[in-house]
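What follows is a short report on a single structure.
The values are calculated or read from the model by the stated rules, or taken from the named source; none is laboratory data. Remember, predicted model here, so these are calculated numbers, not experimental data. Every residue, glycine as well, gets a Cβ built from its backbone with ideal geometry; the counts of neighbours run over all protein chains shown.
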C-alpha cells in the first residue's frame, strides 16, 4: 500500500474532456465531436458508421501529426502544463515497482512537492526523487502546486546521501514551475538549500539520471537536476525563468509570453541542439496527456537503458565525466585574446612578454 | 505573522530605484539626507549619516579591497556570446551587451584576478552591478570557475564579492547551467581544501545566491544588503502579502542563521585578512 499516493490507474487512452483541448487543437476537437456524434447515432439507430468513423480518425491522426510536429515554443509550454499531463504519481504507479516513500528532512518538515523513496525500475533498485504537482485541488494545495520549499530540497539531499551510502543509483523526475517564492521559503534559506544540492549532487558517488517530465522551472528544477544524464520529454520545457516572468521584465508586459518563450529556446529540440540535454524522449502522438502509459513506458525504457550504461562505468570516471560535462556548459573561449590571434613573430613576442609577469611577485603592502 | 505587519516600508525594489543624481550633491536613498558627494566617496561610498552602503562598481570595489596596484586581472577580455540569438522587443542581446559595455565601461559582469589583501595573496573575484545588473551568464560562470582553478593551482584563498540580480535570462538555460557549473567547481575546491570567502553585497539574488554566493566556507555580508532567492517584488506579487520590515536584508539572514557575519565596508579588508590568517595556508 502506498498511503497518501494511492491514485486511480489511468486509462490507457487518457480521456480528453471538453475543456482539455488547447487552443491550437480546434480541428482535433471538432473531429472528436464528430466521431462522438457518429458513435451516438450508431448506438441509437443501430447502424454502424465504422467506415465514417475510421475516416475521421485517420483525419484526426494526420491533423495531430501536423500540429504536434511544428509546435511553437509557447504551444510546447502549454502542452507541458496541460492539466491531464502525466505527473509523478503516474510514473510511480506505472514505472516503479514496490515504491517505499521516505519522508522528512529531519530538520523542519516533509515537503509534499518533492517526493523521495526507494523503488525498482526494471530490475534496478533506485532512489526516486520527484517533484509532484498534484492531480486535484486538494493535492495541489498539499504539494504547493509543485513549488518546493527548502525542506523539500534538504529532504532530497538527505535521501540521496542515504542512497549514496549503499550505492543505489538516483533517478530524479523534474516537474516544477519553480522553487516557491514565499516568506517562509526565504526565512528557511531557499537559495542555500538549492546551492548545497547543486554542489553535493555534482559529487554524489552513484549514477544520477534526471528526466524532465513537464515543466523545468529555473533553479527549482535544477535543485534536483544535476545529473550524469539529463533527458527531457519531447514536449517538456526547461527554462531559466518562466516565459511570463521573462516577458514581464524584458518586454515590460507579461502578455508577451509567447515571444519570450520563443526567445528563451526552452523546448527539448532547441536544448538538444545547444547540447544542454543528453536525450529527448519521444511522446506519443498528440502529447503525453493523450497516452499516459506509452509516455511512462518510454521514460522507463530510457532510464533502464541509461542506468545499465552508467553502472558499467567506474564511479571515479563517472564523477570525472559529470564534472567535465558541467564545466563545458557555456564554455567560452577568448576570441579577442591578443596572444591567440597574432601570427608568427608578434605571437612569440607577446608570449615572451607574458612570461616574466607570471613569475613576478608584487610586494605586499600592509 | 506577515499579514499583521503593517508598516510603510514596502520592500526593496517595489519602488523604482533612485539613481544617484549627478553633481556635487547627492541624496541618500535611505535617510534622504543631502550629502556632499566627495565626502561620501571618501567614506568608501557609505552614507556618513545612516551607514547606507551604496552600490559600487567593480573597479572601485577592487580599489577598496585589494592592496594598491596588486590586482592582476585574468581573462579580462572575455566577452559574452549570443548562443541563443536572443531577440526582445526591437533589440537583440548583442546590442544590449554593447550598450551595457558603453554604460558601465566594463566588459562583463565579473572581474577576476590575483590580488593581495593586506599582504595576503588571494584570488579575487568581483561582480559588476552596473553591467546588466551583474547577472550571471556563461562568461561570469566561466570566469568564476577559472578563478577557482587558479586558487586550487596556487593554493590561494578565494574571495568573491557577489553582487548580482541572478542568472542572465538572455542566455536561457546556458546561464542556468552556470549555477551547476560553479557549484560543481566549488565542490572540487572544497575537496582540495581551499578557503572560499563569499562577500554578499547589495543586491545578491536569484541564481547567484542559489549557487556560489551561498557556498562560501565563510559568508560575510555588508550591512543592509538585499540577499535572497526570489526578488521581493516576485514574492509580493506571488503571495499577495505585504512583506515584513527588513525582509531579506543581511540582518534578517544573520538572524536566521545563514550568514557568518555582517561587516562594515571599512572593516572588510581587515576582517578578510584575519579570516585568511585563521584558515589560510
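For the residues A:99, A:108, the requirement of being in a strand (DSSP E or B) and either outside the structural domain of residue A:194 (by TED's automatic domain parsing) or touching a helix residue (DSSP H, G or I) at 6+ places or on another chain (Cβ under 7 Å) (or both) singles out A:99.
Determine, yes or no, whether residue A:217 is crowded, with 24+ Cβ neighbours inside 10 Å and away from every other protein chain (no Cβ under 13 Å). It is false that residue A:217 is crowded, with 24+ Cβ neighbours inside 10 Å and away from every other protein chain (no Cβ under 13 Å).
Inside the stretch B:134-148, residues that are in contact (Cβ under 8 Å) with a residue 40 or more places away in the chain, within 10 Å of chain A (Cβ to nearest Cβ) and in a helix (DSSP H, G or I) make up a count of 6.
May I ask you to verify whether residue B:190 is closer than 25 Å to residue A:226 by Cβ and either outside any loop (DSSP other than H, G, I, E, B) or outside the structural domain of residue B:141 (by TED's automatic domain parsing) (or both)? It is true that residue B:190 is closer than 25 Å to residue A:226 by Cβ and either outside any loop (DSSP other than H, G, I, E, B) or outside the structural domain of residue B:141 (by TED's automatic domain parsing) (or both). Of all residues in the stretch B:189-211, which are out of contact with any helix residue (DSSP H, G or I) (no Cβ under 7 Å at 6 or more places or on another chain) and facing chain A (nearest Cβ under 10 Å)? B:190, B:191, B:205, B:206, B:208, listed by residue number. Scanning the stretch A:175-196 for residues that are within 12 Å of chain B (Cβ to nearest Cβ) and within 25 Å of residue A:90 (Cβ to Cβ) yields A:177, A:178, A:179, A:180.
For the stretch B:213-240, taking the residues that are assigned to a loop (DSSP other than H, G, I, E, B) and facing another protein chain (nearest Cβ under 7 Å), the one that is farthest from the chain's Cα centre (by Cα) is identified as B:230. On the given criteria, is residue A:167 within 30 Å of residue A:84 (Cβ to Cβ) and touching a residue at least 12 places away in the same chain (Cβ under 8 Å)? Judged against the criteria, residue A:167 is not a match. Restricting attention to the stretch B:89-123, the residues that are in a helix (DSSP H, G or I), within 24 Å of residue B:212 (Cα to Cα) and in contact (Cβ under 8 Å) with a residue 60 or more places away in the chain add up to 0. Candidates B:151, B:180: the one that is assigned to a helix (DSSP H, G or I), facing chain A (nearest Cβ under 8 Å) and free of Cβ contacts under 8 Å to residues at least 60 places away in the same chain is B:180. Applying the condition of being farther than 24 Å from residue B:86 by Cβ, in a helix (DSSP H, G or I) and in contact (Cβ under 8 Å) with a residue 40 or more places away in the chain to the stretch A:260-297 and asking which residue is nearest to the other protein chains (Cβ to nearest Cβ) yields A:288.
Note on the stretch A:220-259: among residues that are free of Cβ contacts under 8 Å to residues at least 40 places away in the same chain and in a loop (DSSP other than H, G, I, E, B), the one that is surrounded by the fewest Cβ atoms within 10 Å (Cβ to Cβ) is A:252. Right, residue A:305: modelled with pLDDT under 90, surrounded by fewer than 20 Cβ atoms within 10 Å (Cβ to Cβ), more than 9 Å from chain B (Cβ to nearest Cβ) and part of a helix (DSSP H, G or I) or not? No, not satisfied. Selection of the stretch B:154-177 for residues being part of a loop (DSSP other than H, G, I, E, B) and within 22 Å of residue B:99 (Cα to Cα) yields B:165, B:166, B:168. For the stretch B:1-82, which fully contained strands (runs of 3 or more DSSP E) count at least 1 residues that are over 19 Å from the mean Cα position of the chain (by Cα), modelled with pLDDT under 90 and more than 14 Å from every other protein chain (Cβ to nearest Cβ)? Per the criteria, B:25-27, B:34-36. May I ask you to say which residue of A:171, A:208 is within 14 Å of chain B (Cβ to nearest Cβ) and within 20 Å of residue A:230 (Cβ to Cβ)? The unique qualifying residue is A:208.
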